[in-house]
1. Restricting to the stretch B:92-106, name every residue that is more than 8 Å from every other protein chain (Cβ to nearest Cβ) and at pLDDT 90 or above.
2. Can you name every residue in the stretch A:16-42 that is more than 17 Å from residue A:105 (Cα to Cα), of a type outside the set (Lys, Arg) and more than 13 Å from chain B (Cβ to nearest Cβ)?
3. Filter the stretch B:20-33 down to the residues that are surrounded by 19 or more Cβ atoms within 10 Å (Cβ to Cβ) and touching a Lys or Arg at 6+ places or on another chain (Cβ under 8 Å), then identify the one that is nearest to residue B:111 (Cα to Cα).
4. Sort out which residues of the stretch A:77-111 are away from chain B (no Cβ under 14 Å) and crowded, with 16+ Cβ neighbours inside 10 Å, and write them in order of number.
5. Would you be able to tell me the number of residues in the stretch B:58-70 that are under 19 Å from residue A:104 (Cα atoms) and either within 10 Å of the chain's Cα centre (by Cα) or not in a strand (DSSP E or B) (or both)?
6. Within the stretch A:43-62, work out how many residues are facing chain B (nearest Cβ under 7 Å) and not aliphatic (A, V, I, L, M).
7. Of these, B:16, B:76, which one is away from chain A (no Cβ under 14 Å), surrounded by fewer than 13 Cβ atoms within 10 Å (Cβ to Cβ), among the acidic types (Asp, Glu) and in contact (Cβ under 8 Å) with a residue 40 or more places away in the chain?
8. If you take the residues of the stretch B:35-73 that are surrounded by fewer than 20 Cβ atoms within 10 Å (Cβ to Cβ) and touching a helix residue (DSSP H, G or I) at 6+ places or on another chain (Cβ under 9 Å), which of them is farthest from the other protein chains (Cβ to nearest Cβ)?
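The values are calculated or read from the model by the stated rules, or taken from the named source; none is laboratory data. Every value quoted in this text rests on a predicted model; they were computed, and no experiment measured them. Cβ coordinates were reconstructed from backbone atoms using ideal geometry, including for glycine residues, and neighbour counts include every protein chain displayed.
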Amino acid sequence: NAGVMQNPRHLVRRRGQEARLRCSPMKGHSHVYWYRQLPEEGLKFMVYLQKENIIDESGMPKERFSAEFPKEGPSILRIQQVVRGDSAAYFCASSPDRGSQPQHFGDGTRLSIL
Amino acid sequence: GDSVTQMEGPVTLSEEAFLTINCTYTATGYPSLFWYVQYPGEGLQLLLKATKADDKGSNKGFEATYRKETTSFHLEKGSVQVSDSAVYFCALSDSPNFNKFYFGSGTKLNVKP
């Protein structure tokens with residue numbers, strides 16, 4: 001019974017490049033959440049998506065960041081023109097429905113910007 | 001807005017010592033409260049939860065009681081093991097839709113043999 005799968009586990013990008021982070025939710029889960037963890041800090045909510053819909057993006061930076069969860073395939077968090085401050089661990093969580101808890105977390109993608 | 005405050009770490013204990021990690025919260029509604037544990041290089045794993053006042057969550061010897069009067073959810077364990085060394089996060093889930101979690105900054109626990 002596979003959990004939330006994130007890839008890659010580690011991603012290195014140079015400033016100005018694009019980063020694409022993938023998240024496959026648990027089987028049967030159609031709700032996905034992205035969080036960012038800066039070094040020595042807790043997780044901060046970024047965005048909540050359901051299949052083909054963004055439900056809540058109140059934690060997303062206004063520029064360069066976008067997220068999608070298509071009908072088929074994984075959820076993608078895209079960061080364009082990365083900067084040093086984007087270096088962090090990005091975690092994805094999933095749940096089977098709206099309001100269901102708790103969320104199940106993946107192992108994260110560690111993004112490093114050179 | 002909703003928020004969670006945890007005691008700062010690191011907390012260093014000897015094996016079999018008693019553990020308390022303090023957590024207090026601020027919320028406008030009636031949140032659910034959680035403790036998650038993160039081992040090095042891994043994601044968060046749910047440790048325990050409580051969904052209403054006076055509920056006690058428990059798992060693997062860890063306990064926490066939802067105290068509405070003191071807005072607290074302190075984590076306790078009577079006898080820690082070296083394998084308990086990890087970072088512990090207190091979190092709340094907003095109401096009424098539980099669409100996002102608010103996490104504390106984490107408390108690192110080091111248990112020495």
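1. Scanning the stretch B:92-106 gives a single hit, B:92.
2. Residues satisfying the conditions are A:16, A:17, A:18, A:19.
3. Ranking the candidates gives B:33 first.
4. Of everything in the stretch A:77-111, those that are away from chain B (no Cβ under 14 Å) and crowded, with 16+ Cβ neighbours inside 10 Å turn out to be A:77, A:79, A:82, A:86, A:87, A:111.
5. Total satisfying the criteria: 1.
6. Number of matching residues: 3.
7. Sole residue among the options that is away from chain A (no Cβ under 14 Å), surrounded by fewer than 13 Cβ atoms within 10 Å (Cβ to Cβ), among the acidic types (Asp, Glu) and in contact (Cβ under 8 Å) with a residue 40 or more places away in the chain: B:16.
8. B:61
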